[in-house]
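Accompanying notes for the structure given below.
What follows is calculated from the coordinates using simple rules that are stated; it is not laboratory data. For clarity, every value in this text was computed on a predicted model and none was experimentally measured.
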Amino acid sequence: QVQLVESGGGLVQPGGSLRLSCAASGVTLDYYAIGWFRQAPGKGREGVSCISTRDGSTYYANSVKGRFTISRDNAKNTVYLQMNSLKPEDTAVYYCAASDRHLGLPVDGYDYWGQGTQVTVSS
């Protein structure tokens, strides 16, 4: 079995930064892609960023380009999401997920999901 565990969420002021981590256990991080998604109250789950486990290729949602950076550490079976210049609109539960079929942001392309970590951006 595969287990994905997110950490690093919390409360931050607008303009601040957070770094989220997604750690895999049970199996090594050798999937096609690892993605970050978020869901705000009353809204659907949306793709934020993803990274290829093969060559490090990345995708970002337009809403986070220039502010968020995804990275990987295969030796630690961990993927990170560095979030800078945070806005109240970024408030959501953030999930990491693994895909064994493609690199991209559509939710339906991912097979394994973590439990989520809360990010709240507020004064």
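If you take every DSSP beta bridge fully contained in the chain, what fraction is antiparallel? Give it as a percent rounded to 5.
Percent antiparallel among DSSP bridges in the chain is about 95.
Taking amide H positions as placed 1.01 Å from N in the peptide plane, with prolines and chain starts having none, which residues 5 or more places from Arg72, or on another chain, fall under 5 Å of its amide H?
The answer is Tyr80.
Identify all lysines with a Cα-Cα distance to Lys43 below 25 Å; exclude those on the same chain that are fewer than 8 residues away in sequence.
Answer for Lys43, where 25 Å is the Cα cut-off: Lys65, Lys87, listed by chain and number.
Which whole number of Å³ per residue matches the convex hull of the alpha-carbon atoms in the chain?
Once divided by residue count, the hull of the chain is 91 Å³.
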